[in-house]
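The values are calculated or read from the model by the stated rules, or taken from the named source; none is laboratory data. Since the model is a prediction, treat every value here as computed from it, not as a measurement. Cβ: placed from backbone, ideal geometry, glycine included. Neighbour counts: every protein chain shown.
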């Protein structure tokens, strides 16, 4: 299997992160403008938390999540690509990871049901750790 087959899910994760970043900025700026909040009034994370309601923070919280386990995904995809060690299991798990991270973001940024969010997180995590264990097995 061509190592380049992992590029599509890799790019989609990058686009997801960019999209959530845009959503975060859009929500914050719109709320601050609508409520005449000067940026200096929310200069610290605590001030931001105190002045802006939770539903505005949902996308921001999701953006933080996109810099946790997905970082392992990015590193692993680059390793698999560089070593030409991609197989069907890696590719399938990569797509499961990305699709369920997209669902996780959709839940987190909208209705934010914790059980639904956890379910999508769990499936994506299992896919990622499957890739990690498979790669570890392949290289040792």
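The conditions are (1) at pLDDT below 95; (2) touching a helix residue (DSSP H, G or I) at 6+ places or on another chain (Cβ under 6 Å); (3) within 18 Å of residue 112 (Cβ to Cβ), and residue 54 fails exactly one of them. Which is it?
Every condition holds for residue 54 apart from (2).
With 86, 96, 77 as the choices, which residue is touching a helix residue (DSSP H, G or I) at 6+ places or on another chain (Cβ under 9 Å), part of a loop (DSSP other than H, G, I, E, B) and closer than 20 Å to residue 9 by Cα?
Going through 86, 96, 77 in turn, the sole match is 86.
Of all residues being touching a residue at least 40 places away in the same chain (Cβ under 8 Å) and surrounded by 17 or more Cβ atoms within 10 Å (Cβ to Cβ) in the stretch 13-24, which is nearest to residue 87 (Cα to Cα)? Just the residue, please.
13
If you scan the stretch 84-105, which residues turn out to be surrounded by fewer than 16 Cβ atoms within 10 Å (Cβ to Cβ) and without any contact (Cβ under 8 Å) to a residue 60 or more places away in the chain?
89, 92
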